[in-house]
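Student: If you scroll down you'll find the structure; I have some questions about it.
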Amino acid sequence: MTTASPPAPGAALSHRQILTILSGLLMGMFLAALDQTVVATGIRVIADNLHGYSLQAWATTAFLITSTITTPLYGKLSDQYGRKPFFMFAISIFITGSALCGLAQSMYELAAFRAIQGLGAGGLFTLALAIIGDLVGPRERARYQGYFLAVFGTASVLGPVVGGFLAGQASFLGVTGWRWIFYINVPIGLAALLVVSKVLQVGHTPHRHRIDWPGATSLIVALVPLLTVAEQGRAWGWGSGRALLCYFIGVTGMVLFFLAERSYGEDALLPLRMFRNKTFRIGGLSSIVIGMGMFGGLLMLPQYLQVVKGMSPTMAGLGTLPMTIGMMSGSIISGQTIARTGRYRIFPVVGTALLVTAMVLFHFVSATTPLWHVMVVMVVFGLGLGGNMQPIILAVQNAVAPREIGVATSSVTFSRQMGGTLGTAVFLSVLFSVLTGYISSAVKAATQTAAWKAAAAANPDQMHLLRSGAGKALSDTSFIQRLDPVLAAPFKTGFANAMDLVFLIAAVVVAVGMVIIWRLPELPLRMESGDAAKMAERQAASADEGLPVPRGDADGVPVSSDEDIMGIPSAVAPDAVAPGSTPR
């Protein structure tokens, strides 16, 4: 029995071949998506165990900085030198970082190893979406990109459950429970590496390029201080000396980045010429704005379920399942409809409108709102996400030259990450700046009621806890769940009211995004894959120059005259399949 050889680059792929390749890509993306949520659930336990509670934010910041910075680097370099080696490199670095995180003996070590993890994570999302763009034409691609969003949604639900379970174990197989939060990435990553190395064949023709080192360096100079202040600004103070220094260095880096990109032209990390493309421009700008509001909503929902409804982190993860179901449904509906009709613009427009609607409805959610009402709104929110995220990437990939799919994909992903980081910083600042006032008002009103007076008289120990611990509500909300329901009610009301304000602001931000997305052009979707289009470009260029038309694979390697690109002797080969079409 012989093992089927992987499909040749540039050849039309069957649905089964695409799904086989997709399995490796999805495992790589699952690694990054799961890590974002599984660590967040267990970070307090980890910080306590490593005696660095006050340093826990740096473990998140380090990962965020390196993953965000490397996103555009992976996109450009994979356009220049090929996708497969960079995707395998990203998985390998992520596995290495995960294993090191499991060995960390201090929060400083954990932050450093999380930074290594981030170096790999930056390529997992971007390259997986770029690779599917190489293999499948935009119209059919909509069907398959829905799988990526399904994986993201599944990881969002599984992460808190797995993280909460592992963090809660004193030890497992002789190893401290929380360390398995990182170790579980290793077997998944190794399986992804094996699948990708065996089945993935993505076309690439080597060319001489200048590497945009000045652009990469100036991008690092710009983003490191800005991302740092976005994460640490609440603790430092947004107008503190450290924050002002970060602003100055970040703006300086942005100016240097612009000058470097203008100087390097087509070899630039992000060629400025691409901003003349309206779809690229609208896609990037809308991703920043919608990312702000979207991540603000994603951040507040678990907070509401845990603080106001008293759920554990694990149960809060399960509590967001309706949102995941909505996200998957929206993604499947949009993907199938785009593949059938070729029309994509309606989905981000409707998706953004659903996001605005959901956030307005969340604004009216109170501490006493029945949970099933909240979950219904979660479904609407998820449908909005499902209709928005993938069609934007699809539109931008379709609007650029096939050789620039990597840059286009990474730019949208990068814009969404930056918007999400900015939104998280802004909305958390709003939440904590108004929270004390809302709680104080709610407590003042509650103390005038007979129910409060009766509960206070019946629970003198809790009243002592309230007087001594109320000021800690901003840093540790766990004491609220230990109070008599009547005494806890004003605290939950204060949190709910503060979150209502955040949702209202997020709705306004996303509404601005809807105005931007309304201007998104609708271009005919190409039927041919990125590989097939690049091969056609090379053949046309060779014909124009009077050179022999290459019949090679997408790597430019000539194929013998008695074989076609699938390795079938020409004497028995059927008529050639049109590039980008799927054999029946």
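Student: When segment 347-368 is examined, which residues are found to be of a type in the set (S, T, N, Q), at pLDDT below 90 and buried (at least 16 other Cβ atoms within 10 Å of the Cβ)?
Tutor: none
Student: Follow-up question, since we're still on this one. Out of (1) in contact with a Ser or Thr (Cβ under 8 Å, 6 or more places away or on another chain); (2) of a type outside the set (Lys, Arg); (3) within 20 Å of Ala191 (Cα to Cα); (4) crowded, with 23+ Cβ neighbours inside 10 Å, the odd one out for Pro72 is which?
Tutor: (3)
Student: Across segment 201-242, what is the total count of residues that are in a helix (DSSP H, G or I), open to solvent by less than 60 Å² (accessible area, probe 1.4 Å), under 16 Å from Ser429 (Cα atoms) and at pLDDT 75 or above?
Tutor: Qualifying residue count, segment 201-242: 8.
Student: Please work out if Ser287 is open to solvent by 10 Å² or more (accessible area, probe 1.4 Å) and touching a residue at least 24 places away in the same chain (Cβ under 8 Å).
Tutor: Spelling it out, it is not the case that Ser287 is open to solvent by 10 Å² or more (accessible area, probe 1.4 Å) and touching a residue at least 24 places away in the same chain (Cβ under 8 Å).
Student: When segment 243-274 is examined, which residues are found to be in contact with a Pro (Cβ under 8 Å, 6 or more places away or on another chain), open to solvent by less than 60 Å² (accessible area, probe 1.4 Å) and at pLDDT 85 or above?
Tutor: Selection gives Cys246, Gly250, Gly253, Ala260, Glu261.
Student: Among what's in segment 129-172 and is part of a loop (DSSP other than H, G, I, E, B) and among the small types (Gly, Ala, Ser), pick the residue that is farthest from Arg44 (Cα to Cα). It would help to see each step written out before you state the result.
Tutor: Start the filter on segment 129-172 by keeping residues that are part of a loop (DSSP other than H, G, I, E, B), which leaves 136-137, 168-170.
From the residues that got through so far, the ones that are among the small types (Gly, Ala, Ser) too are 137, 168, 170.
Details: Gly137: 45, Gly168: 11, Ala170: 14 Å.
Selected residue: Gly137.
Student: If you don't mind, there's one more thing I want to ask. Quick test of your reading of the structure: Met300 fulfils all but one of (1) over 30 Å from Gln397 (Cβ atoms); (2) open to solvent by 40 Å² or more (accessible area, probe 1.4 Å). Name the failing condition by number.
Tutor: Tallying (1) over 30 Å from Gln397 (Cβ atoms); (2) open to solvent by 40 Å² or more (accessible area, probe 1.4 Å), Met300 fails exactly one: (2).
Student: Across segment 38-60, what is the number of residues that are surrounded by fewer than 23 Cβ atoms within 10 Å (Cβ to Cβ) and either over 21 Å from Gly233 (Cα atoms) or under 23 Å from the mean Cα position of the chain (by Cα) (or both)?
Tutor: Counting residues in segment 38-60 that are surrounded by fewer than 23 Cβ atoms within 10 Å (Cβ to Cβ) and either over 21 Å from Gly233 (Cα atoms) or under 23 Å from the mean Cα position of the chain (by Cα) (or both) gives 12.
The values are calculated or read from the model by the stated rules, or taken from the named source; none is laboratory data. From a predicted model like this one, the values you see are computed outputs, not experimental measurements. Positions of Cβ are backbone-derived with ideal geometry, glycine not excepted, and every protein chain shown enters the neighbour counts. When the accessible area is computed, the model is the full protein with side chains, heavy atoms only, and any ligands, DNA or RNA have been set aside. Shrake-Rupley method; radii C 1.70, N 1.55, O 1.52, S 1.80 Å.
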